[in-house]
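Laboratory data are not the source of any read-out in this text; all were calculated from the coordinates shown. Note that the structure is a prediction, hence the values are computed from the model and not measured. Don't worry about glycine lacking a Cβ; one is built from the backbone with ideal geometry, like all the others, and counts go over all protein chains shown.
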Amino acid sequence: MNKPERGIQFWRGLTAGAEQLQQYKELLEVYDSRIGSFLEIDPVKGAALIQDRRGSGPLAGVPFGVKDNIAVKNFQLSCGSKILENFISPYTATAVQKLLAAGSIPVGKLNLDEFGMGSSTENSAFHPTANPWDHAYVPGGSSGGSAAAVAAGLVPFALGSDTGGSVRQPAAFCGTYGLKPTYGAVSRFGLTAYASSLECVGILADSVHTTREVFRTIMGADPLDQTSTAAPEGQADTAKSSPCTIGVLKQPEGLDAATEAVYLASIERMKDLGWTIVPIDLSTLEYVVPVYYTIATAEASANLARYTGIRYGVREQGTANHEEMVRLTREHGFGNEVKLRILLGTYVLRSGFQDQYYVRAQKIRTLILREITELFTRVDMMLMPVFPVSGFRLGSKQMTPFQQKMADKFTATANLAGIPSLSFPAGKAGQLPVGMQLMAPVFHEERLFNAAEVLSGGRPIELAPGSLVLPDGYDAKAVR
Ligand code: GLN
């Protein structure tokens, strides 16, 4: 086995012609059988979606994976749910369409927590995904398949979605980069809705460079998504390069020892780079989880009302009447976590309760946004942990669903405020990677990339042990 030489040459070599694509498909199947990151693998079908394969841009010929709640024509779109099992998408999401136009090849659909609800990918209706660094551990979630596939070297990047941390948390658990863009910076057309006012299509990638290229390709206003907007002119000019001023939590509470150590080490590293560290209090941080789960479940209860067995996916057969058909379709089609959230969301929206829960949550959301906006008048970026614990075992109940929800406070902050955030590999807890995140004001993704580039010294991520390598005798240069 030769040492994998990553970069454009490696990936274009794998996908250069029909024969290489077929061989790549077989490699993916073999490697993925160990971790279960994919729900569907078909680079040949993906390449057929590209109109012009002679492109020469940075992403031309470069393969990528897509979380299975983002539409790619002719591929399945299960959202990790039984209710959409075998549903084939009739169209392609805008973000994917832009990648196709750049000549990038979608190679398959990646596992997730059902409809993006969870932090471990164990809520997938189909199978769990293993963390490539230690197969006994979860890869995080809900974009766990996307993170695992990148960490295992199966693809250089993958699309995910981030409603409350679902790109950044699995990225942190698997040691990849994970970008949650500014709300509206990337079109949500073709992303299956969970909580529309919070979520974004995000990127999991093997380097800052890849993340930046992909972001630049998929960003922009889209007539098919009224909430999408172009970045204001001159965004790149306002991108701060080193040195910068970083806000850090005065008291990062509730972190396990390894995560706290990595957080403190990251601060030291920034000081060494000559960056200014400003300790901050985020007084609204303790409200993030209750506010997030009130708003997210309220929106979910409305968004998931469309799964009735009438227009999409699975339909319960042999029922006495229409009501029974809808009831049993939903009863058998949704998993427990999804049902819990629909119930909770319906409850907080009930007449008589709205003011007490939903409306109140919206008001606190405004306070959170105000505090963050004020903070960014004093600092360029904020450094936050991604998740309070450095990992947990598959199927272990080591973290209850309630504890997992409480642990979303560091990530969901960015979703409530609509700001961009990049999680980056920052250290290790034993075998397992630990990630931290930087947050910046809206439309300042370039500031995040510049800082992460400095922190990483331009180096790509360390791939997990046993990651994909080319078979003997495979000469990427020869096929190009
Ligand atoms: N863990 C969060 C949740 O379960 C994140 C979800 C997401 O970002 N899609 O809601």
Search result, residues across the range 319-358 that are under 24 Å from L285 (Cβ atoms) and surrounded by 13 or more Cβ atoms within 10 Å (Cβ to Cβ): R341, L344, G345, V348, Y357, Y358
Residue hits (the range 23-42; within 21 Å of the chain's Cα centre (by Cα) and not charged (D, E, K, R)) are L28, I35, G36, S37, F38, L39, I41
Restricting attention to the range 42-71, the residues that are in contact (Cβ under 8 Å) with a residue 40 or more places away in the chain and either buried (at least 24 other Cβ atoms within 10 Å of the Cβ) or in contact with a Phe, Trp or Tyr (Cβ under 8 Å, 6 or more places away or on another chain) (or both) number exactly 15
Considering every residue within the range 125-140, establish whether at least one is free of Cβ contacts under 8 Å to residues at least 60 places away in the same chain and surrounded by 24 or more Cβ atoms within 10 Å (Cβ to Cβ). no
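Residue-by-condition table, conditions (1) among the hydroxyl-bearing types (S, T, Y); (2) touching a Ser or Thr at 6+ places or on another chain (Cβ under 7 Å); (3) in a helix (DSSP H, G or I); (4) touching a residue at least 12 places away in the same chain (Cβ under 8 Å):
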| site | (1), (2), (3), (4) |
| --- | --- |
| E268 | no, no, yes, no |
| G274 | no, no, no, yes |
| P279 | no, no, no, yes |
| L282 | no, no, no, yes |
| E286 | no, no, yes, yes |
| T294 | yes, no, yes, yes |
| A298 | no, no, yes, yes |
| S301 | yes, yes, yes, yes |
| L304 | no, no, yes, yes |
In the range 337-367, which residues are in contact (Cβ under 8 Å) with a residue 12 or more places away in the chain and among the polar types (S, T, N, Q)? T346, Q362
Taking F334 as meeting all but one of (1) within 23 Å of Q403 (Cβ to Cβ); (2) away from the ligand (no atom under 16 Å from the Cβ); (3) of a type outside the set (D, E, K, R); (4) touching a residue at least 60 places away in the same chain (Cβ under 8 Å), write down the number of the exception. (2)
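Restricting attention to the range 84-128, and to residues there that are more than 15 Å from the ligand (Cβ to nearest atom) and of a type in the set (S, T, N, Q), which single residue is farthest from E316 (Cα to Cα)? Even if it seems obvious, please write down each step before you answer.
Here is the first cut: in the range 84-128, the residues more than 15 Å from the ligand (Cβ to nearest atom) are 84-109, 125-128.
When the remaining residues are screened for being of a type in the set (S, T, N, Q), the result is 86, 89, 92, 94, 97, 104.
Details: N86: 14, S89: 21, T92: 27, T94: 32, Q97: 33, S104: 38 Å.
Top of the filtered list is S104.
Go over the candidates M382, M436, M406 one by one and state the one that is within 15 Å of the ligand (Cβ to nearest atom) and of a type in the set (A, V, I, L, M, F, W, C).
M406
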Every residue from the range 397-442 that is over 21 Å from E260 (Cα atoms) and touching a helix residue (DSSP H, G or I) at 6+ places or on another chain (Cβ under 9 Å): P401, N415, L416, A417, G418, I419, P420, A440, P441, V442
Note on the range 365-418: residues in contact with a Ser or Thr (Cβ under 7 Å, 6 or more places away or on another chain), among the aliphatic types (A, V, I, L, M) and over 20 Å from G141 (Cα atoms) are L367, I368, V379, L383
State which residue is farthest from H444 (Cα to Cα) when the search covers only the range 409-427 and only residues that are away from the ligand (no atom under 11 Å from the Cβ) and polar (S, T, N, Q). T413
